[in-house]
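One structure is given below, encoded as structure tokens.
The values are calculated or read from the model by the stated rules, or taken from the named source; none is laboratory data. This one's a predicted model, so the numbers in the text were calculated from it and none came from an experiment. Note that we place each Cβ from the backbone using ideal geometry, even for glycine, and neighbour counts take in every protein chain shown.
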Amino acid sequence: MWHGFTVRVVSLIILLGLVCTRAVLAVPPFEVTFLDVGEGDAIYIRTPQGKTLLVDTANPATAGRIVKFLRSRGVETIHAVFITHPHPDHMGGIFQLLSTFKVERVYDNGQPIEEMPRCDIYRWYVESVRTLDHYRALRSGQTIIYGDTKVEVLWPQRLNPSEWNHNSLVLRLTHRGRVFLLMGDALASTEAELLRRELSLKADVLKAGHHGSVDTLSKEFLQRVSPSFVVLSVNRDNPRGYPARDVLERLDRAGVTTLVTHEDGNIGFLVDSSGGLRLMVGQR
Ligand SMILES: [Zn+2]
């Protein structure tokens, strides 16, 4: 009798082991996808625990691409939107997202807008976003945790009233030892500030600041970050000439794999439960 009982217990333990192994295998990967939104930035993040995060929201004319993408993923709730700074190619889609999805939190860098020339989109932004109960401005040193995913705010430490791009939120996402450094529209001046601080900036994937303009991705910064992949979020035939030829050449010399949204489409990275990193390009 005891023998039979033992066999049953052992069988149960083995069965549970198999179920647990299957459960581990079935854990969805962590995903970071840089969406091709033409002029601007929009980054979709999905944690294995099912949290949906967005960093930037494209411009008002291309926000529909984010809506289409999120719907294709069955998203109904966006747990947090991080707006790196309130320029229209980063915050312009927030109005459509707020009216289409349940948005639980909105963060930005707190850039004072009131001094801007009277421009309706900024007034709308203040009225629709900054008045939300769940809106917060972030500062360097703050960290937000979503399960085993960490979002650290590396910048801004303080705001320079006249330089919006320099004040962009710089976010470091970490999951299972993989690091994504998201620069918003930060410039070489921001990079220099980050270099001055004794931060480990090493990252697997670097989203370059300010669409790869000439005053981004200094040689020193690239060396310190030492990324395997650099993503440039920019439209075809950008009227300001982004990305700069100098920057592309610098990336080439550094031996980095450079991905560009208008050429590669949506650029996705998956991190599995053991920290393996996989690249997916060409999804639309
Ligand atoms: Zn921009």
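Brief remarks on what is shown
- Within the stretch 37-83, the set of residues being touching a helix residue (DSSP H, G or I) at 6+ places or on another chain (Cβ under 9 Å), in contact (Cβ under 8 Å) with a residue 60 or more places away in the chain and surrounded by fewer than 21 Cβ atoms within 10 Å (Cβ to Cβ) comprises G38, P60.
Residues are listed down the side, and each one gets a yes or a no for (1) modelled with pLDDT of 95 or more; (2) under 25 Å from H175 (Cα atoms); (3) within 16 Å of the ligand (Cβ to nearest atom):
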residue	(1), (2), (3)
A192	yes, no, no
E198	no, yes, no
L201	yes, yes, no
S213	yes, no, yes
S218	yes, no, no
P227	yes, yes, no
G241	no, no, yes
V260	yes, yes, yes
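- Filtered residue count, the stretch 152-165, keeping only those that are surrounded by fewer than 24 Cβ atoms within 10 Å (Cβ to Cβ) and out of contact with any His (no Cβ under 8 Å at 6 or more places or on another chain): 9
- Among the residues of the stretch 42-78, the one identified as among the acidic types (D, E) and within 16 Å of the ligand (Cβ to nearest atom) is D56.
- Verdict on V75 being in a loop (DSSP other than H, G, I, E, B), modelled with pLDDT of 95 or more and hydrophobic (A, V, I, L, M, F, W, C): yes
- The combined condition, being within 30 Å of S200 (Cβ to Cβ), in contact with a helix residue (DSSP H, G or I) (Cβ under 8 Å, 6 or more places away or on another chain) and surrounded by 15 or more Cβ atoms within 10 Å (Cβ to Cβ), is fulfilled by V106.
- Scope the stretch 79-113; condition more than 16 Å from the ligand (Cβ to nearest atom), part of a loop (DSSP other than H, G, I, E, B) and more than 15 Å from E163 (Cα to Cα); matching residues: H79, F101, E104, R105
- Residue pairs meeting the criteria (Cβ under 7 Å; at least 6 apart or on separate chains; first without any contact (Cβ under 8 Å) to a residue 60 or more places away in the chain and under 17 Å from N109 (Cα atoms), in the stretch 170-196; second away from the ligand (no atom under 16 Å from the Cβ) and of a type in the set (V, I, T)): R172/V179; L181/V225
- Residue-level analysis places E163 among those that are in a loop (DSSP other than H, G, I, E, B), over 18 Å from L53 (Cα atoms) and within 16 Å of the ligand (Cβ to nearest atom).
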